[in-house]
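First the structure, in the form of structure tokens, and then the observations on it.
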Amino acid sequence: MTNIASIPYFIPEIVLVVFAVVIILYDLGSKKTGGNGAAYLGLIGLVIAVITALVIGSEDRSLFLGMVRLDSFAMFFKIIISVATAATILFSVRSSELDPETKGEYYALLLAVTLGMYLMASSTHLLMIYLSLETVSLTSYILAGFLTHSPRSSEAAFKYITFGAISSGTMLFGISLLFGMTGTGDIMLISSKLGEMFSQGNVYPLAVLLSITFILAGVGYKIASVPFHMWSPDVYEGAPIPITAFLSVASKAAGFALFLRLFYSGFKSADASIDWSMMLAVVSALTMTVGNLAALPQQNVKRLLAYSSISHGGFLLMGGVLLTSEGLQAILIYLIIYLFMNLGAFFVVILIANEVGSETIDGYRGLVSRAPLIAVSMAIFLFSLTGLPPLAGFAGKWILFAAVIKEQLYWLAVIGLLNSVVALYYYVRIVKAMFLESSDDTESLSFSPGSLVLLLIFVVPTLLLGIYWNPLYELSRASLGKLMG
Amino acid sequence: MLSLMIFIPLLGMLVVLFAIRREQEELAKRVTFIITLIPLLIAVFLFVDYDRSAPGHQYEEDMMWIEAFNIRYHVGIDGLSVTLVLLTALLGPICVLASWKIDKGIKAYLALFLLLETGMIGFFCALDMFLFYVFFELTLLPMYFLIGIWGGPRREYAAIKFFLYTLFGSVLMLIAMIAVYLKSGTDDVARTFDIPTLIELAKTPGHALADPTFQIWAFLGFFIGFAVKVPIFPFHTWLPDAHVEAPTAISVILAGILLKMGTYGLVRVNFAMLPEGMDFFCNGEGRWGNSLAILGFINIVYGSLCALAQTDFKKLVAYSSIGHMGFVLIGLAARNESGLTGAILQMFNHGVISAMLFLLVGVVYDRAHHREINGFGGLGSKMPIYTGITTLAFMASLGLPGLSGFVGEALSLLGAYSKFKVLTILSTAGIVVGAAYFLWTLQRVFLGELNPKYEAITEINGREIATLVPLGILTIVLGIWPSIAIDMFREAVSLLPLVQ
């Protein structure tokens, strides 16, 4: 589809841009009273973007001369990302970390990063993929360093940039290699080109493997897979908590969208002669093991959740190892569930940081007698992250492992499940502090009704999706669309 | 009917949590007691109404739950499960009575207890593998909190150890379960979790599930999952810690029901569904042919010897549980009618007797605030009724003929003798050691000079007697007339893949 004809299908993204600009203008115009106008504008923008996206529908269309694709797969991720962004905006309103004076550009940047993620989910051209990745990265750097008075936050931003620059450079090199071999940047064409080249035998498999590995560096950085994960604990710890929540869910989801599209529709035809699914399996096993083992000794809950989110990245990657439709579906389902339970856990961290002023496990001592509802909700999120039935995390884990075992990767399933035993240990440390230990402070904490309602929005799906998850399965099947060819 | 029994405690949990105010502790206890009576009434009705001559499952309920994976809500009971459901339902109100003196956060305690009961009853009724697993895991969370919050001084350590061990076992079980599901069909033939269907498929020659190599690996996965729960040596080390730290009522549940979940799983899944795998480990030939019997033997002898060495009353009872579960294992390994009847009977009897023992330990601990066996002496003169009931429980547990413990153990060993002669003879040593530690304890605690510290110790009270009497009656009745229990599961046993 030509550029002009594509515009009507690009309205959601345009809405985001417009609202980002409107927020900046509003911020300039309004007196710096610290109101939440910018936040609500951001929410409105997101809602309109999602509504327009739903109205446009998800019929398969190739936009902007093959740069971007509109399909149900992209739609799925756009909604996930929008929900995560909306939650982040609501969290930010409630977080006392952020300086009210700078909130205007903060929300504008959030919409900009959402735009980048929309594009990550729908790009089908290597150039566009690189641009969308950079849009997300650059805005994320600023958001991570947003606590200007905190040296940790600046350190986080700096580390983020350094790692980001290196991995995106590596990725660009991989892209150039691939472009050199196939003569095109369109991943659909690359797929058929690679298939052709492999069937004729006029290709160095090593060269293809190398370029795919380099591209994987860029993607691996976004989903924080080993060995590109080093940035994430420091960034997660230093960034404002709402941004940490955002990075751990939205950024990861967008990274997976990109990864899946690249590998399922782009590189799959190279599968026959290159055993890179083994490489992915090893990366997945390492990622979850490293994440879990590193989480064990953490005292800071934010940092602990950062490592746990690395290990969940490894879990998710397990579904992508064999490029089966079951695996892909499992990833989509797990992402939905992960969205609720992880954001919920981070929201509790925000509430506790506000009220108790602590991010360490010690700050959670005796929480059950001070704020029973919060403590019980946190326990639900943490046990769901562990994957215990009848919580949603178990449904996700179950579907993921069914996909892995179906391909007879028993060793990977065993590693994955043993990891969930390790994970139990560190999640339970928080539960233990909340329920089994008592604190010197015994006055009960009070939270605004709005915060409690927001908390319930995450608790209820975490409970219900564990008991009945058939709709998730149907939804994920529908979202696969034509991705599997 | 069964759903009612499973979910009434869950409803009760909501009532206790949301309808009763924090100050109304007495009311909360009474309400919980009444709620736990309902499953008991239903269980008694089932026990009476159950058609003993009909094989297969009764009172079945079958509904689609999650279409995408053909997961069904399928419950039903056969003779094997009906006895254990009765045991669970019976221990429910008894444990509520035994928890009467808990003073910290009673509301949360009772709510968790009711959740635990739902998990346990559901587990014994589930006929869908997925449902079975969900209920199996559902017992973990309440148990963790019940030990961790209301337990003794080392409760945190004990609770997390219990949790990690069990989860470790159950993840291996999960892999085996998924593998069985995937092998039960193909992309074109619907796969299933339905346990009766899976049992049929595993017998069908040529079916993927009937493949011996597959069955051996699946057997191992399930076996480790259940072995942690039973517990079978070397997976047993969580048990003494958990028992010692848990409050009395929770120890009762732990020994009475949770351990039975392990052995029940072994019968229901490993024995009935994976006969080839079972054969590999029990046929008495080859390198692995004696494995299960050897493990049973180790449990009996090692558990009994450890019990002999204990000076903590509760730890002694905990290790004796490990020993007694060994009889279940060796009876299962025999794979004949006598062995299995003995094993299943032993499951029920041990549930009753160990519940009594833990309740009795709780009685003396409430008064003396310690459990050091050597720290007592001559209590018989001060607490005659207590001494009498304890003697009954000890005698039942050490296998005195005429009391229930004897029948199960004797049948198990009788069955095992025809297959594993040497091991069976060696295992009887466990009974001798059992007699030794129980009699020695009796002597140290109740006989001899009265320890002057306990001049003022009070006799067992009415509430405590009420918890013990139903169990005491059961041990005597089942000792004299075991066939009321055996009749229940005779048909169920005959349907299992026995080997003569």
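For (1) more than 10 Å from chain B (Cβ to nearest Cβ); (2) touching a helix residue (DSSP H, G or I) at 6+ places or on another chain (Cβ under 7 Å); (3) modelled with pLDDT of 90 or more; (4) assigned to a loop (DSSP other than H, G, I, E, B), each residue gets a yes or a no:
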position: A:F401; (1), (2), (3), (4): no, yes, yes, no
position: A:V404; (1), (2), (3), (4): no, yes, yes, no
position: A:A413; (1), (2), (3), (4): no, yes, yes, no
position: A:F435; (1), (2), (3), (4): no, yes, no, no
position: A:S444; (1), (2), (3), (4): yes, yes, no, yes
position: A:T462; (1), (2), (3), (4): yes, yes, yes, no
position: A:Y473; (1), (2), (3), (4): no, yes, no, no
position: A:A478; (1), (2), (3), (4): yes, yes, no, no
position: A:K482; (1), (2), (3), (4): yes, no, no, yes
What are the residue pairs meeting all of these: first residue in the stretch A:420-449, first residue not assigned by TED's automatic domain parsing to the domain that holds A:R94 and among the basic types (K, R), second residue part of a helix (DSSP H, G or I) and crowded, with 21+ Cβ neighbours inside 10 Å, Cβ atoms under 9 Å, and 6 or more apart or on different chains?
A:R429/A:L304; A:R429/B:I160; A:K432/B:G148; A:K432/B:A159; A:K432/B:I160
Does A:R69 satisfy the criteria of being crowded, with 20+ Cβ neighbours inside 10 Å and modelled with pLDDT under 90?
yes
Test: A:A353 is under 30 Å from A:D99 (Cα atoms) and either within 12 Å of chain B (Cβ to nearest Cβ) or hydrophobic (A, V, I, L, M, F, W, C) (or both):
yes
Considering only the stretch B:99-148, state which residues are more than 12 Å from chain A (Cβ to nearest Cβ) and either of a type in the set (D, E) or on the phi > 0 side of the Ramachandran plot (or both).
B:D103, B:E117, B:D128
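Just to check your reading of the model, which residue among A:V21, A:V47 is without any contact (Cβ under 8 Å) to a residue 40 or more places away in the chain and part of a helix (DSSP H, G or I)? Don't jump to the end; show me each part of the working.
Working: A:V21 fails: without any contact (Cβ under 8 Å) to a residue 40 or more places away in the chain.
It is A:V47.
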Checked pairs for the stretch B:160-175, first under 19 Å from B:A218 (Cβ atoms) and at the interface with chain A (Cβ under 7 Å from one of its Cβ atoms), second assigned to a helix (DSSP H, G or I) and among the hydroxyl-bearing types (S, T, Y), C-beta under 9 Å and 6 or more apart or across chains, list as B:V171/A:S420; B:L174/B:Y133; B:I175/A:Y410
Wholly within the stretch B:311-408, helices (runs of 4 or more DSSP H) carrying at least 1 residues that are under 20 Å from the mean Cα position of the chain (by Cα) and not hydroxyl-bearing (S, T, Y)
B:313-334, B:337-368, B:384-398
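Of all residues in the stretch A:44-61, how many are over 14 Å from A:P12 (Cβ atoms) and either among the hydrophobic types (A, V, I, L, M, F, W, C) or crowded, with 17+ Cβ neighbours inside 10 Å (or both)?
Just the residues of the stretch A:44-61 that are over 14 Å from A:P12 (Cβ atoms), to begin with: A:59-60.
Next, only the ones that are either among the hydrophobic types (A, V, I, L, M, F, W, C) or crowded, with 17+ Cβ neighbours inside 10 Å (or both) stay: none.
Result for the stretch A:44-61: 0.
State all residues of the stretch A:364-397 that are free of Cβ contacts under 8 Å to residues at least 60 places away in the same chain and away from chain B (no Cβ under 13 Å); if no residue qualifies, say none.
Applying the first criterion (free of Cβ contacts under 8 Å to residues at least 60 places away in the same chain) to the stretch A:364-397 yields A:372, A:376, A:378-379, A:382-383, A:386-388.
Once the filter is applied, which keeps residues that are free of Cβ contacts under 8 Å to residues at least 60 places away in the same chain and away from chain B (no Cβ under 13 Å), the stretch A:364-397 yields only A:M378.
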Go through the stretch A:174-191 residue by residue and tally those that are assigned to a helix (DSSP H, G or I) and either surrounded by fewer than 16 Cβ atoms within 10 Å (Cβ to Cβ) or β-branched (V, I, T) (or both).
7
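What residue, of A:I337, A:I352, A:I333, is under 19 Å from A:I243 (Cβ atoms), in contact with a Gly (Cβ under 7 Å, 6 or more places away or on another chain) and of a type in the set (A, V, I, L, M, F, W, C)?
Working: A:I337 fails: under 19 Å from A:I243 (Cβ atoms); A:I333 fails: under 19 Å from A:I243 (Cβ atoms).
Result of the check over A:I337, A:I352, A:I333: A:I352.
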So B:A179 clears everything in (1) away from every other protein chain (no Cβ under 11 Å); (2) in contact (Cβ under 8 Å) with a residue 40 or more places away in the chain except one condition, right? Which one?
(1)
Just checking, does the stretch B:227-238 include any residue being farther than 26 Å from B:F489 by Cα, part of a helix (DSSP H, G or I) and modelled with pLDDT of 90 or more?
yes
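To keep it simple, each residue is scored yes or no on (1) within 20 Å of B:M325 (Cα to Cα); (2) part of a loop (DSSP other than H, G, I, E, B); (3) among the charged types (D, E, K, R).
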{"position": "B:V422", "(1), (2), (3)": "yes, no, no"}
{"position": "B:L450", "(1), (2), (3)": "no, yes, no"}
{"position": "B:P470", "(1), (2), (3)": "no, no, no"}
{"position": "B:F489", "(1), (2), (3)": "yes, no, no"}
Assess whether A:L418 counts as being more than 10 Å from chain B (Cβ to nearest Cβ), assigned to a helix (DSSP H, G or I) and not small (G, A, S).
no
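Based on what the data block shows, is B:D103 over 20 Å from the mean Cα position of the chain (by Cα) and assigned to a loop (DSSP other than H, G, I, E, B)?
Details: over 20 Å from the mean Cα position of the chain (by Cα): yes; assigned to a loop (DSSP other than H, G, I, E, B): yes.
For B:D103, the condition - over 20 Å from the mean Cα position of the chain (by Cα) and assigned to a loop (DSSP other than H, G, I, E, B) - is met.
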Tell me whether the stretch B:98-111 contains one or more residues that are within 20 Å of B:M356 (Cβ to Cβ), in contact with a helix residue (DSSP H, G or I) (Cβ under 7 Å, 6 or more places away or on another chain) and of a type in the set (F, W, Y).
yes
Got a sec? Which of B:A68, B:A54 is in a helix (DSSP H, G or I) and more than 25 Å from the chain's Cα centre (by Cα)?
B:A68
Pull out all pairs, ordered by first then second residue, where Cβ-Cβ is under 7 Å, the residues are six or more apart or on different chains, the first lies in the stretch B:45-69 and is free of Cβ contacts under 8 Å to residues at least 12 places away in the same chain, and the second is assigned to a strand (DSSP E or B).
B:D51/B:Q58; B:M63/B:R72; B:M63/B:Y73; B:M64/B:R72
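If we scan the stretch A:371-378, do we find a residue that is closer than 30 Å to A:L286 by Cβ and part of a helix (DSSP H, G or I)? Working first, answer last.
Within the stretch A:371-378, the subset closer than 30 Å to A:L286 by Cβ is A:378.
Then keep just the ones that are part of a helix (DSSP H, G or I); that gives A:378.
Looking through the stretch A:371-378, at least one residue is closer than 30 Å to A:L286 by Cβ and part of a helix (DSSP H, G or I).
The values are calculated or read from the model by the stated rules, or taken from the named source; none is laboratory data. Fair warning: this is a prediction, and the values are worked out from it, not measured in the lab. Note: ideal-geometry Cβ built from the backbone for every residue, glycine included; neighbour counts use all protein chains shown.
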